[in-house]
Amino acid sequence: MPDSHSKNEQTAMIGIGEYRVGSFPMMTIGLGSCIGLTLYDDSLKVGAMVHIMLPESAGRNDRPGKYADTAVPTIIKELNAMGCKNRSLVAKMAGGAAMFEYFGANLNIGERNAIKVRALLEEHHIHVAREDVGGKCGRSVTFLPANSGKFSIRRADGTTAEL
């Protein structure tokens, strides 16, 4: 989903399993166990945001943004097509909360998502600059590639942060 927005258009809302690539403002809301991942190239002032729901696709490729193992390579490929180099990309991520802890450790999808995303980024030589993952609190993220990759988090408990 390459950049088709002009600078004057509204923030692109990224739903579960969706991603966008470009220099326009992006936002994803309702991150519980999901991961909101951004990749940003400071020299080109371009980035990508994806709302990852699960760590593994098990071979499904209908919605590449939905699964960590398909989402990470997809947004890297799109950014590379725009001239970005992996080593110049900086990653930030939020989410990965333990929303269903009473079901036991096996269902800690948030932790499994974060582990998988970190491993994939390392495999692609992309540095995770900052993260706000885990805990039991949902989050929403705003990403501004044209504003030095600003990454703002609003937590469900009312607190905010910038990474």
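The values are calculated or read from the model by the stated rules, or taken from the named source; none is laboratory data. What you see is a predicted model, and the numbers here were worked out from it, not measured in a lab. Positions of Cβ are generated from backbone atoms using ideal geometry, with glycine treated the same way; all protein chains shown enter the neighbour counts. To get the accessible areas, we keep the full protein, side chains included, count just its heavy atoms, and leave off ligands, DNA and RNA. Shrake-Rupley method; radii C 1.70, N 1.55, O 1.52, S 1.80 Å.
Counting just the residues of segment 146-157 that are open to solvent by less than 60 Å² (accessible area, probe 1.4 Å) and at pLDDT below 95, which one comes out farthest from Leu44 (Cα to Cα)? Quick ask: steps written out before the conclusion?
First, the residues of segment 146-157 that are open to solvent by less than 60 Å² (accessible area, probe 1.4 Å): 149, 151-153, 155.
Those still in the list that are at pLDDT below 95 too: 149, 155.
Details: Gly149: 11, Arg155: 29 Å.
By that ranking, first place goes to Arg155.
Residues Ala98, Ala91, Ala119: which one is over 20 Å from Arg20 (Cα atoms), among the small types (Gly, Ala, Ser) and either modelled with pLDDT of 95 or more or in a strand (DSSP E or B) (or both)? Reasoning before the result, please.
Working: Ala98 fails: either modelled with pLDDT of 95 or more or in a strand (DSSP E or B) (or both); Ala91 fails: over 20 Å from Arg20 (Cα atoms).
Step by step, each of Ala98, Ala91, Ala119 is checked, and only Ala119 is over 20 Å from Arg20 (Cα atoms), among the small types (Gly, Ala, Ser) and either modelled with pLDDT of 95 or more or in a strand (DSSP E or B) (or both).
Identify the single condition in (1) in contact with a strand residue (DSSP E or B) (Cβ under 8 Å, 6 or more places away or on another chain); (2) open to solvent by less than 30 Å² (accessible area, probe 1.4 Å); (3) farther than 19 Å from Thr11 by Cβ; (4) not acidic (Asp, Glu) that Gly134 does not satisfy, given that it satisfies every other one.
Unmet condition: (1).
So which of Ser140, Ser88 is surrounded by 15 or more Cβ atoms within 10 Å (Cβ to Cβ) and under 17 Å from Ile35 (Cβ atoms)? Break it down into steps so the answer makes sense when it comes.
Values: Ser88 fails: under 17 Å from Ile35 (Cβ atoms).
Criteria check complete, one pass: Ser140.
What are the residues in segment 41-55 that are buried (at least 24 other Cβ atoms within 10 Å of the Cβ) and farther than 17 Å from His127 by Cα, if any?
Across segment 41-55, the qualifying residues are His51, Ile52.
Could you list, in sequence order, the residues of segment 38-83 that are in a loop (DSSP other than H, G, I, E, B), among the hydrophobic types (A, V, I, L, M, F, W, C) and under 15 Å from Arg112 (Cα atoms)? Before you say what the answer is, go through the steps one by one.
Let us first name the residues in segment 38-83 that are in a loop (DSSP other than H, G, I, E, B), namely 42-45, 53, 55-66, 82-83.
Cutting the leftovers down to among the hydrophobic types (A, V, I, L, M, F, W, C) gives us 44, 53, 58, 82.
Answer for segment 38-83, where residues must be in a loop (DSSP other than H, G, I, E, B), among the hydrophobic types (A, V, I, L, M, F, W, C) and under 15 Å from Arg112 (Cα atoms): Met53, Ala58.
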